[in-house]
Amino acid sequence: MDQVHSEEIIWGGRTLRIETGRMAGLANGAVLVTYGDTAVLVTACVADQPRAGADFFPLTVDYEERLYSVGRIPGGFIKREGRGADRTTLACRLTDRPIRPLFPKGVRNEVQVIATVLSVDHDSPSEVPGIIGASCALTISDIPFAGPIAACVVGMKDGQYILNPKVAEAADSLVDLTVAGSSDAVIMIEAGAQEVPEAEILGAIRFGHDSIQPVIEMQKRLAAKAGKPKIELPLFTVPADLADAVRQEAGEKIKAAVRNADKDARDAALSALESETKAALEARFPDSGGQLGDAFHALLKGEVRRAILEEGIRPDGRRSDEIRPIWCQTSVLPRTHGTGLFTRGQTQVLSVCTLGSLSDIQRLDNIGIEEEKRYMHHYNFPPFSTGEARPLRGPSRRSIGHGALAERALQPVIPDVDKFPYAIRVVSEVLSSNGSTSMGSVCGSTLSLMDAGVPITAPVAGVAMGLVKEQDKVAILTDIQGMEDDLGDMDFKVAGTAKGVTAIQMDIKIGGLADQILERALEQARQGRMFILGKMLDVLPSHRTEMSPHAPRVLIVKVPQDKIREVIGPGGKIINGIIEKTRVGSQRVEINIEDDGTIYINAVNRDAGEAAKRMILAIVKEPEVGEVYLGKVVRLMPFGAFVELTPGKDGLVHISQFSDQRINKVEDVVSVGDEIWVKVVEVDNLGRVNLSHKEALRGHPERERAPRS
């Protein structure tokens, strides 16, 4: 075993330890990060040669959860971990985003970072050690990397910020913010919040950035003891003479081509200009490969950024704080429970809300503390949304991440289950994409929820902010489109209500972001969000008071816990009988009983749901003297007949209580299965119910006995 080196600090009230040299010795870099009782092994490896034909940096980050880390065996038949759940994908993205900008530009060698979760202490979630481990493994390795960085989670309660809150602290925290950064600047933000004002969000970001500095310093100390000399990887750069030739050939033409508000027309003009440029220069540079295309893209990037910084002109002619035209529509589809169509410029998202019973709640099988999810948001990004033809696959990491961001943005305004007892799923279908479809899905989903009659506590809107920065020149852009996202330095998404922020996601392509820029971006995003909210509320000011006729109705019945058995009946006989009796065609009510005696009745047909509710209430209600029932004869005895008043509850009609006339045999007046009117005349000390048929008829001749059909 190689020599083991380690560093250790007390951080957020727990021990953070990073060691190297004991595990995974063949990786370019490997560290074991322990925080509390959480342990994550993170490795970094690089390929010997550039990937053939690659025109991008092939970085892969994998996050491997092992259920043994929480002492569990996987469910199902296979009994081994399979494809990672959404939580795993989100952890991969959380690690990838802050390290990606810190590799040298032009690297084409494949780099793989793998974080394997070995042990989990829920008070110390594994995502933060995973990010720290990725940074440290790369820092001590021989792979070129401009780190170290670190990350932490920030909570907030009673106006005080909390570093890496424990489970109990996180439960009532107003902020759940993950911040990653270097010694000098913030690189990544991922946050959910309970409508928190921008000033407090900025304070949380500052607190987090200050809190990670000791972790950055401990990585530097470990690198001084165990770091390897950095290797030189080949960097793919465009030769100066080729870049100059492309500039001379297309420099003036590209200025006109790029300034077209219509994405399709602009893309067509740029594509034609690129083809012309390549055709004109291929003979002069026969061995250029893809470098002509790289040079053209660099020229395009430079022109777009120059126009924004020097002339204040964006590709579509907008001001830096101007939002593209917005139009919205609700109730788009006839049979769904709620729909919202949100269009902003050439970005269009259709969000569809579906309401279900509480049995539709998603059950989770992962290493996290969360076991179920009542509100679900899914995001689909089909190829036609960008005018492309390519194979349909399962959701990408990006799609999962965008869906999770929208879900986080809307979660704070979803009503509690006791106020709205439904499982809720929203699916956002991206129909057209030219910038910030994730924020479009937040807006469309708010409209779909309100259209479905979900009493959200406040409407939520979102906007994506961009940045172009060259030395001291800075432009912050509201509502970025695709080109500005691709050629700019930042993608800063902010969602929230009129009151405050509910979600943030920030990624940058430069080394970090200064505090002053963050503050300006948050304020500009707030102004943009308020404008968008106004447009949405013009279409639908509040949630609908009437739900779709196709949506299920959920009725709530509360019964004593000792009555649950009576409602269910032996082998489920009683409750299944209620379901069958209230069936309308092929539609059955669905009944879910909680351990505390809360019963949820789910029915598309409201009358059927009300009937099931009445039956349940009748079962748990104790008969009282004087009450009259239409009961069913279930058993005959020589001295009388037992009559079922409600499922599972019988009473006795003595032979003398059938008529004022003498009756020789009970069989002469009733048969099993008959329905007869009876009146409760006595409930004795043992709870036995005595009934009278003749008293029920007295004064009511219409109450004649009728056999059950």
Exercise for the section: Using 0.36 nm per residue of separation minus the Cα-Cα distance, give me the extension gain between residue 660 and residue 264 in nm, one decimal. Expected result: 133.4 nm
Handout entry: Crossing angle, helix 263-281 versus the chain [Cα axis fit, 0-90 degrees, rounded to tens]
Key = 30
Handout entry: Rounded to whole Hz, the Karplus (6.51, -1.76, 1.60) HN-Hα couplings of the stretch 419-435, x for glycine and proline
Key = 9, 8, x, 10, 7, 10, 10, 10, 10, 9, 9, 6, 9, 8, 10, 8, x
Problem - Among 512, 671, 181 - extreme Cα towards positive end, dipole of the chain, charges at beta-carbon - result: 671
Problem - For residue 378, residues with placed amide H under 5 Å, excluding near neighbours - result: 426, 427, 428
Handout entry: Rounded to whole Hz, the Karplus (6.51, -1.76, 1.60) HN-Hα couplings of the stretch 662-678, x for glycine and proline
Key = 5, 10, 7, 9, 4, 4, 6, 10, 9, 10, 4, x, 5, 9, 9, 7, 9
Exercise for the section: DSSP loop (so not H, G, I, E, B), at most 11 other Cβ within 10 Å: list which GluC sites (Glu not before Pro) in the stretch 546-614 pass both filters. Expected result: 546
Exercise for the section: Using DSSP to define loop residues, name the trypsin sites (Lys or Arg not before Pro) in the stretch 207-271 whose beta-carbon has at most 16 other beta-carbon atoms within 10 Å. Expected result: 230
Problem - Computed magnitude of the charge dipole of the stretch 588-709 (debye, nearest 20; Cβ of K, R +1, Cβ of D, E -1) - result: 380
Practice task
Just subtract the alpha-carbon distance of residue 26 and residue 523 from 0.36 nm times their residue separation and send over the number in nm, one decimal.
Solution key: 174.1 nm
Fill in the blank from the handout: Any GluC sites (Glu not before Pro) in the stretch 369-416 that lie in a DSSP loop and have at most 16 other Cβ atoms within 10 Å would be 370, 371, 388
Problem - Table column - 3J(HN,Hα) (Hz), the stretch 579-585, Karplus curve with 6.51, -1.76, 1.60, x for Gly and Pro - result: 4, 6, 5, 9, 5, 10, x
Completion exercise
Cα-Cα longer than 31 Å, checked against 419/581; 105/535; 373/493; 649/694; 166/228; 228/473, kept in input order, equals 105/535; 166/228; 228/473
Problem - Along the chain, longest interval not containing exposed chymotrypsin sites (Phe, Trp or Tyr not before Pro), exposed being DSSP loop plus at most 13 other Cβ atoms within 10 Å - result: 78-638
Problem - Residues residue 614 and residue 279, FRET efficiency given R0 of 56 Å [Cβ-Cβ distance, rounded to 0.05] - result: 0.10
Problem - Student exercise, the chain dipole from Lys, Arg, Asp, Glu Cβ charges, in Debye to nearest 20 - result: 1320
Problem - Estimated FRET transfer efficiency when R0 is 45 angstrom, pair residue 118-residue 157 (beta carbons, to 0.05) - result: 0.90
Exercise for the section: Mind giving me the FRET efficiency for residue 241 and residue 49? R0 is 30 Å, r the Cβ-Cβ distance, nearest 0.05 is fine. Expected result: 0.70
Handout entry: Given charges at Cβ of Lys, Arg, Asp, Glu: the chain dipole, positive-most of 46, 605, 527
Key = 605
Fill in the blank from the handout: The farthest towards the positive end of the charge dipole of the chain, of the residues 289, 424, 689, given +1 on Cβ of Lys and Arg and -1 on Cβ of Asp and Glu, is 689
Problem - (1) 15, 38, 30, 13, 3, 0; (2) 14, 32, 27, 22, 5, 0; (3) 15, 39, 26, 13, 6, 1, 0, with the label sought being that of the calculated P(r) over Cα pairs in 20 Å bins from 0, in percent - result: (3)
Exercise for the section: Before rounding to the nearest 500, sum -39500 (n - 2.57) across all DSSP H runs of length at least 4 in the chain and divide by the residue total; then give [θ] at 222 nm in deg cm²/dmol. Expected result: -9500 deg cm²/dmol
Practice task
Would you mind checking the tilt of helix 213-226 against the longest principal axis of the Cα atoms of the chain, expressed as 0 to 90 degrees and rounded to 10?
Solution key: 60
Practice task
Could you tell me which of rounded, prolate or oblate describes the stretch 19-68, using a ≥ b ≥ c as the square roots of the eigenvalues of the alpha-carbon gyration tensor, with rounded for a/c under 1.5 and, failing that, prolate when a/b is larger than b/c and oblate otherwise?
Solution key: prolate
Problem - Rounded to the nearest 20 debye, dipole of the stretch 308-449 from Cβ charges on Lys, Arg, Asp, Glu - result: 300
Handout entry: Extended-chain gain in nm, criterion 0.36 nm per residue less alpha-carbon gap, residue 396 and residue 563
Key = 55.3 nm
Exercise for the section: Could you pull out every residue, at least 5 positions away or on a different chain, whose amide H is within less than 5 Å of the one on residue 605? Hs are placed 1.01 Å off N in the peptide plane, and Pro or chain starts have none. Expected result: none
Completion exercise
If one compares the long axis through the Cα atoms of helix 437-451 with the longest principal axis of the Cα atoms of the chain, the angle in degrees, nearest 10, works out at 20
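Here, each number is a calculation from the coordinates, and none is a lab measurement. Because the structure is predicted, anything quoted here is derived from the model rather than measured. All Cβ positions, glycine included, derive from the backbone under ideal geometry; neighbour counts span all protein chains shown.
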